[in-house]
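Before any comments, here is the structure.
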Amino acid sequence: MSSYDPLDTAVLENPYPVLADLRAHTPVCWHPGMRAWLLTRYADCVAVLRDHTRFARDRRRAGAEVPAPSLSVQSLDPPDQASVRSLFMNALHAQDLHAIEARARRLLAARFDRLAGCASFDVMAEVASPLAVTVISDLLGVTSPDVATFGRVSDAIMRSMDGGLDPSVVEPGRVAREQLSALVESWFQTSGRPGLLAHVRAHAPASEVQELYVRNTARVMFQGGYSTLVAAVGNAVHTLQKHPTALDRMRDAAMLRTGVDELVRYDGPVQGTSRIAMATCQIGGVTVTAGQTVTVLFAAANHDPEQFPQPDQLVLDRFPNRHLGYGWGSHSCLGTVPAQMALRALVTSLLHHPAPLVTAGVPRRRRTATMRTFETLPAAFRL
């Protein structure tokens, strides 16, 4: 049986063999460093995510104190969560998503043309981050923050999600959240242009959602959408580079639709999430005591052969494909829709560019456990 250290260099490079070994031998195992039960089977993961009564996301239900800035759609449980999630989902679906995707394609086309003359460039800095900031800002209807500045704020927040493994990242993450909260507050203080936030502001009074939840959820949506999309773009580019025939196959519209989902399943951005057991129960024949943390490992579930035949193969026409790349159910990422749009725009733009995007150096993974992403991903357009 393998031990699982999510920050080990080899695991950062390729976590799937270790996760497969855990799933085969100890599918529900206690991790002393994370102080949590790890779930690696798809069925167990979905069962926990579905059961809001027995497994809490809202830590206040287990007696914990949760700071006010942390109360958002992602930290509340149904039924308390329903009104705020509905408010934001209705606002999301009211947007002209096709127009946002078209603008993303234009941005990528212009950026690819500029980068075509470079001997090499970093996909993360030159493509993923600018695309993510632009798409999320466009969706919300706010002025895009400076990419480099916001990237540092987002990085601190993302790293702080691994506070259980590295306590030193907690305080920088708290400061970064305060900085992002100030930015979000400035959006609410100005009239703004049409977009998701304008819709939320107009409909929030009738929804009776607490203003605190509205602002916090806007912050979470911007940050979560950005960081998830940056990671997803990097992972998708890397996967396409390893599978040189995959991109051309996605010229077919049907293959593009299923292929984008498969890219996320194959090497997804979000690696897992946690719940607290509200009562002593059994998971996969293992007794989990009330108050203990259960960590659902999306990365392991997405490669479970019981749910996904040939899980380690990139199957572009895989259907159905109910992966957990963006979470599940009421706590799935609010940025799922813009992330899928941006990935379609990315694939389409790569297909339309005259030169293929190839590797131009050794990529380096970022040392984070919750989010699977690249620190640098060198590439170049070469005929």
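The values are calculated or read from the model by the stated rules, or taken from the named source; none is laboratory data. Quick caveat, the model's predicted, so the values are computed rather than measured. Positions of Cβ are generated from backbone atoms using ideal geometry, with glycine treated the same way; all protein chains shown enter the neighbour counts.
Here are some notes:
- Flag if residue 264 is buried (at least 24 other Cβ atoms within 10 Å of the Cβ), among the aliphatic types (A, V, I, L, M) and at pLDDT 95 or above: yes
- Taken over region 196-242, the criterion of being within 12 Å of the chain's Cα centre (by Cα) and among the hydroxyl-bearing types (Ser, Thr, Tyr) is satisfied by 226, 227, 228.
- Some residue of region 71-78 being of a type in the set (Gly, Ala, Ser), surrounded by 15 or more Cβ atoms within 10 Å (Cβ to Cβ), assigned to a helix (DSSP H, G or I) and within 21 Å of the chain's Cα centre (by Cα): no
- Residue that is nearest to residue 104 (Cα to Cα) [pool: residues in region 234-256 that are part of a helix (DSSP H, G or I) and without any contact (Cβ under 8 Å) to a residue 60 or more places away in the chain]: 253
- Checking residue 169 against (1) in contact (Cβ under 8 Å) with a residue 24 or more places away in the chain; (2) touching a Ser or Thr at 6+ places or on another chain (Cβ under 7 Å); (3) not aromatic (Phe, Trp, Tyr), the condition it does not meet: (1)
- Here region 113-163 is the region considered, the condition is being assigned to a loop (DSSP other than H, G, I, E, B) and acidic (Asp, Glu), and the residue that is nearest to the chain's Cα centre (by Cα) is 162.
- When the test is whether a residue is outside any loop (DSSP other than H, G, I, E, B), of a type outside the set (Gly, Ala, Ser), within 21 Å of residue 345 (Cβ to Cβ) and at pLDDT 95 or above, residue 287 does not pass it.
- Considering only residues in region 196-211 that are on the phi < 0 side of the Ramachandran plot and in a loop (DSSP other than H, G, I, E, B), the one that is surrounded by the fewest Cβ atoms within 10 Å (Cβ to Cβ) turns out to be 210.
- Set 108, 139: member being farther than 30 Å from residue 362 by Cα and either among the hydroxyl-bearing types (Ser, Thr, Tyr) or out of contact with any Lys or Arg (no Cβ under 8 Å at 6 or more places or on another chain) (or both): 139
- Scanning region 316-350 for residues that are in a loop (DSSP other than H, G, I, E, B), crowded, with 17+ Cβ neighbours inside 10 Å and among the hydrophobic types (A, V, I, L, M, F, W, C) yields a total of 5.
- Of the residues making up region 235-251, one or more are at pLDDT below 95 and more than 19 Å from residue 341 (Cβ to Cβ).
- The single residue among 91, 102 that is modelled with pLDDT of 95 or more, farther than 18 Å from residue 333 by Cα and not in a loop (DSSP other than H, G, I, E, B) turns out to be 102.
- The condition of being buried (at least 23 other Cβ atoms within 10 Å of the Cβ) and either in a helix (DSSP H, G or I) or at pLDDT 95 or above (or both) holds for only one of 182, 176, 231, that being 231.
- Any hit, region 116-132, residues being more than 28 Å from residue 363 (Cα to Cα) and touching a Phe, Trp or Tyr at 6+ places or on another chain (Cβ under 8 Å): no
- Neighbours by Cβ (under 8 Å, 6+ apart or cross-chain): first from region 182-208, closer than 19 Å to residue 85 by Cβ and among the β-branched types (Val, Ile, Thr); second modelled with pLDDT of 95 or more and part of a loop (DSSP other than H, G, I, E, B): none
- Hey, residue 96 exposed (fewer than 14 other Cβ atoms within 10 Å of the Cβ) and either within 28 Å of residue 356 (Cβ to Cβ) or aliphatic (A, V, I, L, M) (or both) or not: no
- Within region 18-63, if we keep just the residues that are under 19 Å from residue 163 (Cβ atoms) and free of Cβ contacts under 8 Å to residues at least 40 places away in the same chain, the residue that is surrounded by the fewest Cβ atoms within 10 Å (Cβ to Cβ) turns out to be 32.
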